There are 2 protein chains.
Amino acid sequence: MAREEAYDKHKNPVPAVDFIIINDGDNNNSKILLVTRKNDPFKGMLSIPGGFINAGETAEDAMRREAKEETSLIVEPIAILGVYSDPRRDPRMHTLSVTFITRIVQGNEDAGDDAAALKWVKTEDELDSLIESKRIAFDHSKILYDFKKWLKSSRASVDSSSCLTFWSTKKEQIDEPMQVKATE
Amino acid sequence: MAREEAYDKHKNPVPAVDFIIINDGDNNNSKILLVTRKNDPFKGMLSIPGGFINAGETAEDAMRREAKEETSLIVEPIAILGVYSDPRRDPRMHTLSVTFITRIVQGNEDAGDDAAALKWVKTEDELDSLIESKRIAFDHSKILYDFKKWLKSSRASVDSSSCLTFWSTKKEQIDEPMQVKATE
């Protein structure tokens, strides 16, 4: 009862999850899964999958549940892309979205629940024009824009570790002639 | 009205912010600001500053407001450390914490609102023993443990860029003898 009282006393944003499901292809050829919305708001428009977090459920569990319900996929989080909480982001009420980047662990995509259809979008070419098209629900074009930046920086950090590998490879190649030189 | 109805219909966790305020000293000598709680739950225990997000306010604005109220400091976010939403994290109700890492932009710390006192804690030595002490409110020892990991990896990424610098420096040194060799 104390719980309920404390809850009702405050007026707070309603927490939700949204998530980008990545399907990694070959180099830079990844795709992400978008949903055509079956219901208002933004009926018929594209969005990333998502939904409200229920009391008693963690953000991660809400994400797993919504992924299963909307896409039939079992997904796991890779990272938190951001938290989006502009009061104008949802016309129904003030929502706060914990936005995950996720990978598929199991299953085949199949639209369920309030998804009219699912659509794979290539991150390298299709996504940019889609972001510009203004056919995206809520603030999800902002989210997808931030995701593109994340992709770039995460690739940059992969490149940076390959640089480390490159460096250690080079180092061996370099050490050799120096040793030869030392024994000359 | 539709707003209120939609809000009351759902039972969701109550969103809050918590934040680590870093004061960077010389190398690896940073401090973070903890609060002795004036009120229950966990009265008298240490926590990181935080509070609930009001409807109509972004998570970042809630963080700025609470920082001002509790510590008199003006802070800005550096990163989102994580989102903590275990239903058992707060004995009063199910809360979801968006946890920021922040830096001081202006002001001097001064305990206000529901902070009984403020305490700077060195991240290199004091923090570990504090995390182990179990004198920390809510799930904030978990948050501080994750923060220590974040500090290490963020330093590692600094080291990795110095490696790049190191590599490009080395490369020049290496290119020289090779050029010399080529002209031999």
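Tabulated data for the structure shown
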read-out: Copies compared at residue B:24 - label distances in nm, ascending, label defined 7 Å from Cα in the Cβ direction; value: 3.1
read-out: Alpha carbon convex hull of region B:1-152, projected area averaged over orientations, nm²; value: 9.3 nm²
read-out: Inverse of mean 1/r across different Cα pairs in region A:70-161, Kirkwood, Å; value: 15.1 Å
read-out: Amide H within-cut-off set for residue A:12, under 5 Å, with H built and near neighbours excluded; value: B:55
read-out: Over region B:55-119 - Rg/Rh using Cα atoms and the Kirkwood inverse-distance radius; value: 0.99
read-out: Local electrostatic count at residue A:126 - Lys and Arg +1, Asp and Glu -1, tallied over other residues with Cβ under 13 Å; value: +1
read-out: In nm, spacing of pseudo-spin labels at residue B:125 and residue A:128 (7 Å Cα→C-beta vector); value: 5.3 nm
read-out: Equivalent-ellipsoid semi-axes of region B:31-82, from the Cα gyration tensor, Å, largest first; value: 19, 14, 11
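Every read-out reported here was derived from the displayed coordinates using simple, explicitly stated rules and does not represent laboratory data. Predicted model only: the values in this text are computed from it and were never measured. Heads up, the Cβs are rebuilt from the backbone with ideal geometry, glycines too, and the neighbour counts pull from every protein chain shown.
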